[in-house]
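The values are calculated or read from the model by the stated rules, or taken from the named source; none is laboratory data. For clarity, every value in this text was computed on a predicted model and none was experimentally measured. Cβ coordinates were reconstructed from backbone atoms using ideal geometry, including for glycine residues, and neighbour counts include every protein chain displayed.
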Amino acid sequence: MKSAILFSLLAAATGFTRPSSHPTPTRSTPLNMVSTTKTTPHDIVRVDLADGRDYPIYIGSSFTDEETSSMLRRHVGGKRVLIITNDRIAPMYLEKYTNLMSGDGLRVDTVVLPDGEENKTFECMSMILDKALELGLDRKSTFVALGGGVIGDMVGFASAIYQRGVNFIQIPTTVMAMVDSSVGGKTGVNHPLGKNMIGAFHQPQCVFIDTTVLDTLPDRELKSGLSEVVKYGLIRDAPFFEWQEANMDKLLQRDAEATRYAIKRSCENKAEVVAADEKEAGVRATLNLGHTFGHAIENGSGYGTWLHGEGVSIGTAMAATMSEKMGWIDSSLTKRIYDIFEKADLPVKLPKGSPMTSQTFNKLMSLDKKVADGQLRLILLRGDLGNCEFTGDFDVDALQATIDEFVKETSA
Ligand SMILES: NC(=O)c1ccc[n+]([C@@H]2O[C@H](COP(=O)([O-])OP(=O)(O)OC[C@H]3O[C@@H](n4cnc5c(N)ncnc54)[C@H](O)[C@@H]3O)[C@@H](O)[C@H]2O)c1
Ligand SMILES: [Zn+2]
């Protein structure tokens, strides 16, 4: 089934400036609508938004306590701070950040939630609201998310709705949160019927990224975050993808300079897209490459079976396979995509025994937030590396053939 393209968003046609040369870890690329200031020893990427809501992303690996303290306190409006983390991160980092934010007239309280994607629920998020009310926190209070994407999304949502909105700060502690979820103001919780189905747009006051916290992050979590890094290269930044092809082993070995560069470059890409389309009226949807398939896999396999980034890597392999079936990309590009995920030790197929069936895919994908008027819309790759299209007009046979191909592996 083919007809006129409903909603075409070739990245090349968005008017963004694309980096013209191959980036190196030391290069600070001037991007349209994103200002990146190289102030040794840390980087600052700005997210430019209307109405004075623009905010900095601080990225570094050698912040002194004084720097951390002053950078964070600078973004607190009132006198009360509520730091929210989970029971896995709390023993490692909560005391440090509580101490660094306390003093100077600031009172800091804390909430420790249970760890895990299965706890990214409305009920768990309500514990933040309960505590804030018990403490008598007013509208000038600041919430601080100390953790990965799960904590960041829940704290952001609580901040969006507590007394109709309070300030919040993101201190991401996973690669996933540093390169993606802490930036851009998408907040929310899961619902039994679908992932991230309840939420709000609410931008933070700042994002503070100290990459040294990644020292304690398990390898599997680190790799999961890399799938979002790959995404930026595929949808809009071919030189970044090429840099990743040459440097993926360094990222896996946790090379400090390569890690910091990958985070900075990812934040620049995310900031630029968010500045252009904060509420996802268009180009921002392209950040969901592989996610419609991926969310179905995460949900259909049971939350906790796959990490988010693992669902996304399989989902991106599916999007690439489908794009190739439609003749939108060459098989050589599909191969490069499979190769980079394999280099990153990320999955590109469903394992034997996976509960995913064709029916599960179809049912769960129809619940996707990008469905408009009953029409499924997908992000597909089209043309040369670095270009994609967000469209509701795709070949449904290619979609079904892709699902069938991936599902077949589970019983092969
Ligand atoms: N809002 C957005 O734009 C956006 C974008 C991408 C992903 N997400 C969401 O992010 C979530 C996934 O985030 P995630 O991958 O960070 O998962 P996560 O928050 O569950 O963190 C992964 C695990 O690592 C632990 N952990 C975190 N930091 C650690 C550290 N420094 N040392 C040791 N352990 C640490 C956590 O406690 C958890 O067990 C998903 O719910 C996804 O929907 C949101
Ligand atoms: Zn994602």
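Assorted remarks:
- Residues that are surrounded by fewer than 24 Cβ atoms within 10 Å (Cβ to Cβ), more than 23 Å from V183 (Cα to Cα) and among the β-branched types (V, I, T), drawn from region 277-320: T305
- Restricting region 300-317 to residues that are closer than 17 Å to E221 by Cβ and not in a helix (DSSP H, G or I), the residue that is nearest to ligand 1 (Cβ to nearest atom): L307
- Restricting the search to strands (runs of 3 or more DSSP E) fully inside region 53-147 and requiring at least 2 residues that are at pLDDT 95 or above and over 24 Å from the mean Cα position of the chain (by Cα) gives 80-86, 107-113.
- Considering T211, T174, the condition of being assigned by TED's automatic domain parsing to the domain that holds I57, buried (at least 18 other Cβ atoms within 10 Å of the Cβ), of a type in the set (V, I, T) and more than 16 Å from ligand 2 (Cβ to nearest atom) is satisfied by T211 alone.
- All positions within region 205-246 that are within 18 Å of G184 (Cβ to Cβ) and basic (K, R): K231, R236
- Any hit, region 290-299, residues being within 14 Å of ligand 2 (Cβ to nearest atom), in contact (Cβ under 8 Å) with a residue 12 or more places away in the chain and not in a helix (DSSP H, G or I): yes
- Among the candidates N167, N196, the residue that is touching a residue at least 40 places away in the same chain (Cβ under 8 Å) and away from ligand 1 (no atom under 13 Å from the Cβ) is uniquely N167.
- Residue ID - surrounded by the most Cβ atoms within 10 Å (Cβ to Cβ), chosen from residues in region 367-412 that are at pLDDT below 85 and more than 24 Å from the chain's Cα centre (by Cα): E409
- Breaking point among (1) in contact (Cβ under 8 Å) with a residue 60 or more places away in the chain; (2) within 22 Å of V189 (Cβ to Cβ), for G77: (2)
- Hey, T259 closer than 21 Å to T173 by Cβ and polar (S, T, N, Q) or not: yes
- Scanning region 166-194 for residues being out of contact with any strand residue (DSSP E or B) (no Cβ under 9 Å at 6 or more places or on another chain) and more than 18 Å from T286 (Cα to Cα) gives a total of 4.
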